[in-house]
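The values are calculated or read from the model by the stated rules, or taken from the named source; none is laboratory data. Bear in mind that the values here come from a model prediction, so they are computed numbers and not experimental data. Quick reminder, even Gly has a Cβ in these numbers, built from the backbone with ideal geometry, and neighbours come from all protein chains shown. In case anyone asks, the SASA skips ligands and DNA or RNA and just uses the protein heavy atoms, side chains included. Shrake-Rupley method; radii C 1.70, N 1.55, O 1.52, S 1.80 Å.
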Amino acid sequence: MSRSYPPVSIIGAPTDVGAGHRGARLGPEALRIAGIAEALVARGVDVLDRGNLDGPRNPWQPPVEGYRHLDEVVQWNRLVMEAVLAELRDGRMPIMLGGDHCLGLGSITAVARHCRETGKELRVLWLDAHADFNTSQVTPSGNVHGMPVACLCGLGPRELTHLDGEGPAIQPSVIRQIGIRSVDEGEKRLVKQHGLDVYDMRYIDEVGMRRAMEEALEGVDENTHLHVSFDVDFLDPSIAPGVGTTVPGGPNYREAQLVMEMIADTGRMASLDIVELNPVLDSHNTTAELAVDLVESLFGKSTLMRD
Ligand SMILES: NC(=[NH2+])NCCC[C@H](N)C(=O)O
Ligand SMILES: [Mn+2]
């Protein structure tokens, strides 16, 4: 089955200011070297690589009042927000290559705004080992890559919760988190309080990935803008070692491929972030290559014979 896709713009955001390890700043290049653009072109997608955004360097400082590098995080997210919004307004599908997951804030703030402007219903699929719902009060690390979901929902410093000057980008009800298996103590309380829809690994073990994904995608229709936030640490570390915060017990290759195929089947993916790839911790770029392979599935490469 072949489907036509909107033109894609690749945006590199080479930073690790939100992470606890340095190296995610190299993610965009590693994904390019793994052939992300060529893979999309081979699937019939029209691709423009916009190059990399140019933000502040990583000062590598300890947390201040519960946040590491807050100013730099704000600056990078502004750049990402503007770049992503420009592509969406131009009728293109942005693929943001991180960079650490703090950048999901800028990207999804732009996507949410675009949905408000165009009357689309937003659904965010957050593929991750972590809930990324920490605040400065409960974070064990001060790393802002553990906070973007909370900030998007209005919990956090004003510079981040009002990144576009308008107020919190989304309600928790637009998010579905898949693959979750590491949530900090205080973070767990917040996740429950705010009613996030979490498909954790225990649930996936019990009902299977297929049913979990059917539930996560329920209600997606012609008017839905589906945003995929793909944190590479979603994957089991045995197949994806090149990330800063590995957690064992994640989806295997086939489960991950099924996730991507089921997203592709909806035909509604309209923006994508690939974050947390850390080439310094990878082995011969295999994690980047795996990520590219899964992106092919997101763009309709199917293992289904019966179509
Ligand atoms: N996007 C990520 N890799 N997040 C990891 C967060 C780890 C931990 N929960 C923290 O807040 O420090
Ligand atoms: Mn994450």
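How do the helices (runs of 4 or more DSSP H) wholly within the range 96-183 filter down when requiring 3 or more residues that are modelled with pLDDT of 95 or more, away from ligand 1 (no atom under 16 Å from the Cβ) and out of contact with any strand residue (DSSP E or B) (no Cβ under 8 Å at 6 or more places or on another chain): which remain?
Qualifying helices (runs of 4 or more DSSP H): 104-118, 158-161.
Residue by residue through the range 271-292, note down the ones that are open to solvent by 30 Å² or more (accessible area, probe 1.4 Å) and either under 29 Å from Ala86 (Cβ atoms) or within 16 Å of ligand 1 (Cβ to nearest atom) (or both).
Pro279, Val280, Leu281 - these are the residues of the range 271-292 that are open to solvent by 30 Å² or more (accessible area, probe 1.4 Å) and either under 29 Å from Ala86 (Cβ atoms) or within 16 Å of ligand 1 (Cβ to nearest atom) (or both).
All but one of (1) farther than 18 Å from Gly167 by Cβ; (2) assigned to a strand (DSSP E or B) hold for Val80; which doesn't?
Failed condition: (2).
Any idea which of His194, His162 is within 24 Å of Thr15 (Cβ to Cβ) and open to solvent by 20 Å² or more (accessible area, probe 1.4 Å)?
Residue meeting the stated conditions: His162.
Scan (1) touching an Asp or Glu at 6+ places or on another chain (Cβ under 8 Å); (2) part of a strand (DSSP E or B) for the single condition Pro248 breaks and write down its number.
Condition (2) is where Pro248 drops out.
Yes/no matrix, rows are residues, columns are (1) among the basic types (Lys, Arg); (2) more than 25 Å from Gly35 (Cα to Cα); (3) open to solvent by 10 Å² or more (accessible area, probe 1.4 Å):
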site	(1), (2), (3)
Met93	no, no, no
Gly104	no, no, no
Arg113	yes, yes, yes
Glu121	no, yes, yes
Trp126	no, no, no
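Residue-wise test of (1) at pLDDT below 95; (2) open to solvent by less than 90 Å² (accessible area, probe 1.4 Å); (3) closer than 17 Å to Leu105 by Cβ; (4) more than 17 Å from the chain's Cα centre (by Cα).
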{"residue": "Pro7", "(1), (2), (3), (4)": "no, yes, no, yes"}
{"residue": "Gly18", "(1), (2), (3), (4)": "no, yes, yes, no"}
{"residue": "Ala34", "(1), (2), (3), (4)": "no, yes, no, yes"}
{"residue": "Ala37", "(1), (2), (3), (4)": "no, yes, no, yes"}
{"residue": "Arg43", "(1), (2), (3), (4)": "no, yes, no, yes"}
{"residue": "His69", "(1), (2), (3), (4)": "no, yes, yes, yes"}
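Residue under question is Gly208, and the condition is that it be open to solvent by less than 50 Å² (accessible area, probe 1.4 Å), small (Gly, Ala, Ser), away from ligand 2 (no atom under 16 Å from the Cβ) and closer than 26 Å to Ile36 by Cα; does it hold?
Against the criterion (open to solvent by less than 50 Å² (accessible area, probe 1.4 Å), small (Gly, Ala, Ser), away from ligand 2 (no atom under 16 Å from the Cβ) and closer than 26 Å to Ile36 by Cα), Gly208 does not qualify.
Kindly indicate whether any position in the range 194-217 is at positive phi, within 15 Å of ligand 1 (Cβ to nearest atom) and charged (D, E, K, R).
No, there is no match, as no residue in the range 194-217 is at positive phi, within 15 Å of ligand 1 (Cβ to nearest atom) and charged (D, E, K, R).
Under the condition of being among the hydrophobic types (A, V, I, L, M, F, W, C) and within 12 Å of ligand 2 (Cβ to nearest atom), which residue from the range 241-270 is most open to solvent (accessible area, probe 1.4 Å)?
Step by step, filter the range 241-270, then rank; the result is Val247.
List pairs: first in the range 201-229 and farther than 20 Å from Gly250 by Cβ, second within 16 Å of ligand 2 (Cβ to nearest atom) and open to solvent by less than 40 Å² (accessible area, probe 1.4 Å), Cβ under 7 Å, 6+ apart or cross-chain?
Leu226/Leu125; His227/Ile108; His227/Val124
Please verify whether Ser297 is more than 16 Å from ligand 2 (Cβ to nearest atom), assigned to a helix (DSSP H, G or I), of a type in the set (Ser, Thr, Tyr) and within 20 Å of His227 (Cβ to Cβ), treating the condition exactly as stated.
yes
Condition first: out of contact with any Lys or Arg (no Cβ under 9 Å at 6 or more places or on another chain) and farther than 28 Å from Arg113 by Cα. Now tell me which residues in the range 161-187 satisfy that.
Ser182, Val183, Asp184, Glu185, Gly186, listed by residue number.
Could you pull out the residue among Ser173, Ser141, Ser238, Ser229 that is within 13 Å of ligand 2 (Cβ to nearest atom) and surrounded by fewer than 21 Cβ atoms within 10 Å (Cβ to Cβ)?
Only one candidate qualifies: Ser141.
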